Structures are given as structure tokens and as C-alpha cells.
Amino acid sequence: MSEKKSGYDFNAIELKWQQYWNDNKTFKAADCDTAKPKYYVLDMFPYPSGQGLHVGHPEGYTATDIVARYKRNKGFNVLHPMGWDAFGLPAEQYAVQTGTHPAETTKNNIDNMRRQIKALGFSYDWDREVNTTDTNYYKWTQWIFLKLFNSYFDQTEQKAKPIEKLPIPKGLSEDEKQKYIDDNRLAYEAEVAVNWCPELGTVLANEEVIGGLSERGSHPVVRKPMRQWMLRITKYAERLIDDLAEVDWTESIKKLQIDWVGKSIGAEVNFKVDGFDEDIWVFTTRPDTLFGATYMVMSPEHSLVDKITADDKKQEIETYRQEAARKSDLDRTDLAKEKSGVFTGAYAINPVNEEKIPIWISDYVLISYGTGAIMSVPAHDERDFEFAKKFDLPIIPVVDPDRNELWDYARRMGKFASEDVGQINVKMSNKGKEKWLDNVVHEIIQGRACYPGKGIAINSKQFSGLSTAEFKEQIASWLSERGLGEKAINYKLRDWLFSRQRYWGEPFPLLHTEDGRIVALSEDDLPLQLPQVDNYKPTGSGEPPLSNAVDWLDVTLADGTKCRRETNTMPQWAGSCWYYLRYIDPDNSEKAWDSEKEKYWMNVDLYIGGAEHAVLHLLYSRFWHKVLYDLGYVSTKEPFKKLINQGMILGEDGQKMSKSRGNVVNPDHVIADYGADSMRLYEMFMGPLEASKPWNIHGVEGVYRFLLKAWKMTIDEETGKLDSAVQKTEIGEETLKLLHQTIKKVGGDIEAFRFNTAISAMMIFVNHLSKQKVRPVSAIEQFTKILAPFAPHIAEEMWQKLGHNETLVYEPWPEYDEELVKEKEVELAVQVLGKIKDRIVVAADADEEQIKEKALASEKVTVAMDGREPKKIIVIKSRLVNIIV
RNA sequence: GCCGAAGUGGCGGAAUUGGCAGACGCGCGGGAUUCAAAAUCCCGUCCUGGCGACAGGGUGUGGGUUCGAUUCCCACCUUCGGCACCA
């Protein structure tokens, strides 16, 4: 399209100003400038994919750019950086297929995406660009890893400390001492079950496994314990929840994080195994139902299963375990609707009543949560109830339900788990409801139905009659006194599996000695560079690709000890966990960042990115930040003050954009046809930042027309100079009022991230001003300033044509006068009994009496009142009048 | 199943300490300009009835609170996003 007859040659204008900003380093952020307040605006940095930018990226980037530019106008020293989260699988897979080194692929992709991002005119300080795959960057990722490795978590102080300060129990041998230390590090090695695909020779992520088969090629996948590096994020569970109070995030994102951490309070209880000298610990949130525990279930992976299984059950147990191993975590829950399990032949002793209860294994018990074993109380747990029904195990009720809670529970369930009670009917009469509840309670205390709620204890010896809450308290002390259990807190959050069997990631700065010890590199030996390899595939035995780097692999220490390097690499999260800190001091070769600069810039005032990172990235990042805080490297508890998740931009068909649907919009084309300013403006005009909304190319035309109109009200189409209607005169009353209203609205909307309505206000102003025969220069100048954060190129060009030589990036934001914003006269709706009958115009400061008088004087109102007397007259100033008769 | 967000014209959306529903933009209809078209400009545009002034209805559905509800409360339906037996 590229309509340039109007003189609005956006391609030329945009190129010109991008060049200007670049040459003049207009957006360079000054470190530690105490003359100005600082403002740190951060985008989630992108993975440089071969597809390049999609229209979703610029949405968040435009929002932050508007804020960054606005804050500069408001006198802030703004830090607004950009970089690349460049490790990751796609470049590695491309390397496997083509032999191209991932570094080369990555560089090309970055060059392309940088070009695309620059074409949108964002005000980044490009001198601070970071790249997680750069050795000068990942040197410090490795440095942080060493900090984790060389720290432990002090339980009483609830913080990380250097490992040298770890108190070591007396009387340990050298080996035991070493093991004790290693077991307390924040980074530790463990055998964990991973999704192993023998055919592909690699470990797969949960989402790469579908129905027990690999997503690529449909090969069988099994759960296999493998040696992995883990990070002790669970130590920070409590603080990750508590410190959310300090940040300005929406309640729903906070809740997402809280639920992910998944704190639950209960007790761990010790069950002896009958005939063995073994203990099985179980975690329960309902220690008050111990008397109702009629059997026990262990996860198939539980370490005691082999030991306690009776000889005649071994075959059956082994078969079941193998079946369970074949299922991924997802399949276990999704496909296994019907409960399954096998009896081990062994019995446990219930500590409260010495009853022998059978021990089963079943895959509904997860090895990774709690202790990997549960006590089953079928009368008060739905899963246990289902299992007991299926295998005909006894059900002993121990809670007489609280009737209110039972009613709520039954209503939520929609039905009740017993055939003998009729369907629940929400519209039941009170009497009917009581009768129905009587029946249900009867079913429950007969053990024919399950009720998981609170109530009064029954069948629990000396504890009978206690409320659930009292019982929990008393049983906890009772168990504790006898050494049979303790209060305990469990979290759904697991320690972070931090190693990957990949090539394209940060190498761990660790050595394995011949005799099995682990030695960390010293900080002086960093960076540990990624070696060249001929083959990017894992070896057939599942060894990571780095095992192929023979020259790199073997190391001999100064004392002659022979070592092998760690061949796993870090996950993509590692680099993105701390990039916001490197932006503060990106070229520092002595330190990860200077602490004066850190104190000046942190924390991040505004962080915008996709909702897909609302849980993991933010949790991991916050975890690292807290460790760095404990060790004194950062000055704030939390990294990100204000967080916003932008919504998704859908295709024109309202579907998620994807290559297969063919509905992907390429920003390059939009910029070529309508310009970057139109692209930016449209992405903000579509709707609220946080909502998902469909792309519509006609919408781009709409905002383009707005820019064109703004251009034409300023510039003469023929001469390219100021239009003759633009004159140095006083601004007329009406225009002045609208101008001040617009300044107020746009500023307020930017502060509240309501960019769509800010643009609409500017449209109203341009619609008004472009109709005026004479257009005062000062009105246009002020308008240009408020347009600038949204459409910076056209604004700079207009600013220049208005006779200014300097960029308007640092021009002060226009002030508005509250007096001028106010309307002098207002129109009120006059209602009779809530229905609008007429409208009256009154002075803005008219009092109630005057308004009433004027309203009652209306002829239409008189007709509508039909001779009745007003009983009450409600006056809402500047809104309406309602007459009640 | 659980948790979260949201349902407003033909479309994207605006309006909430409860006070004139539909700002702004798209699309559509009509007109101007043009040999004609594109572009541009002007007018109209929630629905129903009426030539009309006007009347009635209207914010997913059904109730409730209120002088007054898109906004608050209860129940339900639908869509999207997240989680997945967490004892």
C-alpha cells in the first residue's frame, strides 16, 4: 500500500529516526545518576528462534517502551534493556540434522531478530545487550551455580550460608564428613526417576511423552532413575510464599505461585512393619483419622517394597511395578481412572491401636510427594474409598460429619457416593434437607459412604467426641511424646531438576574424581567453555553429548588426581534466572555486577511478559535471587516489583497463531505496509494488555488513518513544511479544555497500563483539532509530546518540522491544569422512576436545589409525572436526577 | 475434576466507590470528489415498530438487593487459560 502522496513517508521517517537514536545513543542509561529517580523497565527476553519475531513479542515490548519513554519525559533515569535467552533445544536439533554449530545458528537468528526489534523503534539501551550463550555471560551463570554448590541452608535462620560455616556433627570419618557436606549443599546430586526413551537414547520432558510413547517417533518411554543435579528450591518454599506480600502482582498470579508451592500442614506418623525391623513413615493432613486407617499403600517405587514383600507375592508385585514404570506421571492420573494395586503380603501396625493393617502398593500414591507411603482412611478420603471398594477392604468411619459442611460437600459433588441415598436436590425444603442429611450421615457412620470433611470424632477411643481441630492438636502431642510422629509440613514443590543431557547449555563447573568425589572448579577457572564436538547426539548409552568431547573430558589436577568433567549441562532456565542483574553491569569482567550499581537500579520496577512464564521462570528466578540476597550479592528480597502478563494475540480466525493453521502474521510485512508506528499503535489499541485478542488487519488501517490525520493537521502535503493553518496563536477555549483533558487522560492511562483508552483519547483530540481552520502551534506541540511514547518516529519528525532541533525523548511531559479540565456546564439525565424522560443542562457547580428546580420545570418530566407528587428526588451531581413519585 | 480469567452491537472493545450502556476504531449504508477507481472527506449505523417526533426492549441465563445493576449477592450455562489422585 505505502501511500506517500500525503508526505507521510513512514519508511523514510522511521529509518531516519532509528538511525538518529542509534548514532546519538539517545537511550543510554546513566548508572548511579542520583540527580534523577531511577526506573527499571524489563521485558522478558526472547529465545532467538529461526522463525523470527511473531506479533506477540512486540505487544509486550511496545507496552514497556511506552512506559519507558513516558518515564523519561517525566524526568526518570530509565533502564530499558534487551537481550537473548539463546541456549535451547531448537538450535541443537538443527545441529544434529545439519551439523551446523548451534552458535552459528544462534548468531544468525539473533541478528535477524535484533533487526526486527530495531525496526519497531524501541528505546532500548543496546550497549547493555546480553546473550546467555556468550562466555562472558555464562561465566557468571556458572559462578552463581558455584555459589549454590558452595552453600547450605540454615534451618533456624531460614537462609543460605557459605558451606564452610556448616556445623558438622562430631565423630564422623573423613568420608562421612564429605558426604554430610555434599548432602547439605543447595546443589546436589541425586538419583531421580526421569522419562527415558531407550530408542532415542535420551531423557524427555513430561510434555514430550504422550501415552507412554515419545512425541517424536512414538517410541516407548520408561521411568528410569538416573543421576541428576538438583537444586534445593524446596528450602525456600516458605519464603517464596511469604515474600509475595512485598510485590505488586495480581492476586491470580500470586495464587498460581502459592498453589504451585502447595503448602500443606499435617503430621508424619510412624508405622512399624509386622515381623520386620522396619519403619514406614506416612504423611497425613488428617492425623485425627488415624483410628480409621484400615490399610496402607506404598508407591510402587518405595524403597521398602522389595524387603517386605512376601515370597508368594513377589511375581505379582514385580509385574505391577514394571507396568507402573512404563506410565508417565501424566498417564498415571489421566488414564488410570480405575484404581489398581497389589497386596504385598506384609502388615503394618497402626500406632494408635496396635491393629494389623495390610500393606498394598498402588500407583495412585506418588513417590515424589510426602514420604511415598500413605495410611488409608477410606471412610474419609475419596481415593482411599474407591480403592477400598474395589479390593473389598474394611471401612471404619471415625468422623461424625458437621452437617453444614456435609451439605456443602454434597452439593459440590452433585451426587453422593452411596446408592441408598436419593439424589441431592438443591431446592429441597428445610425439612426435606434435614431428613436427607440424616440419611447421608447414617450412610457415612455405617461406612457405606465417604465424607472427607470435618466433624466430631467417633470410634477413636479416648479421643472420641473431639472436634477435628482439637483432635489434630492432641494427637500431635500424643504421637510426639511416644516418638511415633511429629507435626510436619509438606510442599507440592519439588527440588529443581537442574541437569539436562544436552550439548547447547552451560557446562557445570564440576569434576568427578576417579574415586567418586566431586570437586568444584575455582572461580578463577571460569568460564568453563563449551567444547567443540563432532556429534551433538547423546551416546547410545544415554551419556550426554559432551561425553563425545574426549580432549575436554579428562582433567588431571595439580596433585595428580585424575578427573572427568561433568557432562550434563544446565537447563535453559539457568541463563534467564538472573539476566535482569547482568543488564545492570553487562561488561564487568571482574564481577557478575557491581554492587553500587545493583543498589542503584534494583529492583525491577516493571516486568512484562507472557503468561506462560507465570509459574516456573518467576519461581526459579525468585529462588536464585533469594539465595543471592542471603549471600549478600543483591540488596532486595524480591527481584520484580510490578509484574504484568500480556495476553495472547490470536490469528484473524480467533485461533492461536500457528504455522499449521496458516494464520501467522509477520511483523515485517505489517511494518513494510503501514510502518512501525502503526504496528505499535495497533497492538496497543486492540484491547487491554492482559486480554487475549484476535488480530485484524483492518484495525491497523484504522490507526494508520489516525496517524495520517495527525500528520496532515500539521504538515502541508505539497510542501512538506508546516501547514498554513498551523499558527502561533492562543489556543481557543474549547480546544484548550479538550487538550488538557487529553493530557490528563493519556498520562493517567499510561500509569495504569490502559494504552487502548489512551489512544482513543488522542483520536478524539485529533478528530477535533483537524477540523479547526486555525490550529495553534502550541496545541500541536503538546499533542506531539503525548503521542511520542506510542508513535515515536512520526512524533520526532513532526517535532522537527515544528522547528525543534533536539529529540523530544527528554522533553518534559506536558502539565495539565485541573481547572481547565473541568466542564463549565454539564448535561444531566432526568429520570422519573428510573426511566430517562429528559435531559437538562446546568452549571457544573449548580447546587441540588437549582438542579431539582430545573428538572421539575421540564415539560416532559411534568407529563411523565402525570400529576403525582414527587416523593423523593435523588440528585447525583454531574450525572443524573431521579424523581420518585 | 479442581483453580483462575472472561461473556456487552455485525467485529475489536469503552463505561463500575452502583448513576445517561455502546466512547474510540473496524465493518456496513449513503453522499462529495473522480472520466472511472483507489485514496481522502462528510453524514448515518444497538435491536424492534413508525415517514416522523417517538414508543418499547436491550450488557450469557434465571433469581435477589436497590429509587437505580454491565457493575453487588446467589444459582446455572458457555468460552479461554492453568493444574492433574499432592494423602
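Below is a table of values for the structure above.
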| item | result |
| --- | --- |
| Size of charge dipole - region A:489-584 - debye, nearest 20, with Cβ of Lys, Arg +1 and Asp, Glu -1, no other charges | 560 |
| Residue-span extension gain [A:F391 to A:K254] - 0.36 nm each, minus C-alpha spacing | 45.2 nm |
| Unsatisfied cross-links (Cα-Cα over 27 Å) in the set A:K659/A:K709; A:K38/A:K107; A:K737/A:K877; A:K159/A:K591; A:K771/A:K835; A:K472/A:K641 | A:K659/A:K709; A:K38/A:K107; A:K771/A:K835; A:K472/A:K641 |
| Label-to-label distance, nm, for residues given as A:V777 and A:K487 (7 Å Cα→Cβ offset) | 7.5 |
| ³J(HN,Hα) computed for each position of region A:757-766 - Karplus, 6.51 cos²θ - 1.76 cosθ + 1.60, integer Hz, glycine/proline x | 7, 5, 5, 4, 5, 5, 4, 4, 5, 5 |
| Signed unit charges on C-beta, dipole axis of chain A, positive-most listed residue A:F45, A:I233, A:P776 | A:P776 |
| Accessible-area value, A:T133, 1.4 Å probe, nucleic acids and ligands omitted, Å² | 20 |
| Length-normalised contact order for region A:696-820 - Cα pairs under 8 Å, 6+ apart - percent | 30 |
| Assigned charges on the beta-carbon of Lys, Arg, Asp, Glu; chain A dipole about Cα centre (debye) | 2080 |
| For region A:696-820, accessible area per residue (1.4 Å probe, heavy atoms of protein chains only), Å² | 44 |
| Sequence-separation-based contact order of region A:824-884, relative, with Cα cut under 8 Å and 6+ spacing, percent | 42 |
| Simple label model, 7 Å out from Cα along Cβ direction - A:Q158 to A:S522, nm | 3.8 |
| List A:H804, A:H768, ordered by accessible area with a 1.4 Å probe, largest first | A:H804, A:H768 |
| Nearest-10 value in Å² for the accessible area of A:I456, using the 1.4 Å probe | 80 |
| Convex hull volume of region A:696-820 per residue (C-alpha atoms, cubic angstrom) | 111 |
| Partners for A:K177 among lysines (Cα-Cα distance below 21 Å; same-chain residues under 8 apart left out) | A:K147, A:K161, A:K165 |
| Loop trypsin sites (Lys or Arg not before Pro), region A:745-789, which have at most 13 other Cβ atoms in a 10 Å radius of their Cβ (DSSP) | A:K771, A:K773 |
| Solvent exposure ordering (accessible area, 1.4 Å, most first) of A:H740, A:H442 | A:H442, A:H740 |
| Straight-distance crosslink candidates among aspartates and glutamates, where the alpha carbon sits under 18 Å from A:K852 and sequence neighbours closer than 8 are dropped | A:E825, A:E827, A:D838, A:D866, A:E869 |
| Relative contact order of region A:737-885, defined on C-alpha pairs under 8 angstrom at six or more residues apart (%) | 19 |
| Accessible surface ranking that places the most exposed of A:K36, A:K860 first, with a 1.4 angstrom probe | A:K860, A:K36 |
| Area of A:Y491 that stays accessible when all protein chains are in place (1.4 Å probe, Å², to 10) | 50 |
| Amide H within-cut-off set for A:K159, under 5 Å, with H built and near neighbours excluded | A:D154 |
| Paired Rg and Dmax values of chain A, which use every Cα atom, in angstrom | 34.3, 110 |
| Tensor-based shape of region A:824-884 (alpha-carbon gyration tensor, a/c under 1.5 rounded, otherwise prolate or oblate) | prolate |
| Cβ-based charge dipole, chain A, positive-most Cα from A:S658, A:V352, A:Y580 | A:S658 |
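The values are calculated or read from the model by the stated rules, or taken from the named source; none is laboratory data. For clarity, every value in this text was computed on a predicted model and none was experimentally measured. Because the Cβ atoms are built from the backbone with ideal geometry, glycine has one as well, and the counts that use them run over all protein chains shown. Keep in mind that these areas ignore ligands, DNA and RNA; they rest on the heavy atoms of the full protein, side chains included. Shrake-Rupley method; radii C 1.70, N 1.55, O 1.52, S 1.80 Å.
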